[in-house]
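Beneath this line is the structure, given in structure tokens, with notes to follow.
Values in this text are rule-based calculations from the coordinates and carry no lab data. Small disclaimer: the values here were computed from a predicted structure and weren't measured. Glycine gets a Cβ as well: all are built from the backbone with ideal geometry, and neighbour counts include every protein chain shown.
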Amino acid sequence: MSYNWSDKTILIAEDVDVNFLFLEKILQETEVNIIRAINGKEAIDIYRNNQKINLILMDIRMPEIDGFDATKEIKKINMNVPIIVQTAFNIENGKILGKESGCDDYIVKPININKLIAIIYKYI
């Protein structure tokens, strides 16, 4: 199944280049517009200045401000923007920590491509 999300924008908060490039490659076929933040502080600033972003993929472990704290700050700006946490934590910890921080969903690394697309589809 193919998706055309050319009218949507996703913010990917990911400090590791290879992880970002992987996500970018997966999403390339959907034609979604992608903006990158390399740390939590930048993710907050980018969202504050561009609230037309439709969804955020948020890595948890990032410099300056981690993904959980960045999520909390972004949700203060707009509690309705969907934020999907990318985590290497086990599933139960990911669920608990994600919900406590205000994340809408999570995906465990290594990322399953079909699962990621399904989660994004659910929110946009």
**Asked** Counting Lys and Arg as +1 and Asp and Glu as -1, each charge on the Cβ, what is the dipole of the range 9-123 about the Cα centre in debye, to the nearest 20?
**Response** 320
**Asked** Taking the Cα centre of the range 9-123 as the origin and placing charges on Cβ (Lys, Arg +1; Asp, Glu -1), which of Gly102, Asn50, Phe22 is farthest toward the positive end of the dipole?
**Response** Gly102
**Message:** Based on C-alpha coordinates, I'd like the Rg and Dmax of the range 9-123, in Å.
**Reply:** 12.5, 33
**Asked** For the chain, what relative contact order do you get, as a whole percent, if you take Cα pairs closer than 8 Å and at least 6 residues apart?
**Response** 22
**trypsin sites (Lys or Arg not before Pro) restricted to the range 1-90 and DSSP loop, no more than 13 other C-beta within 10 Å** = Lys52
**Fill in**
Taking the range 9-123, the lysine pairs whose C-alpha atoms sit under 22 Å apart (8 or more places apart or on different chains) add up to 28
**Asked** Where a ≥ b ≥ c are the square roots of the eigenvalues of the C-alpha gyration tensor, would you call the range 1-45 rounded, which needs a/c under 1.5, or, failing that, prolate if a/b is larger than b/c, or oblate?
**Response** oblate
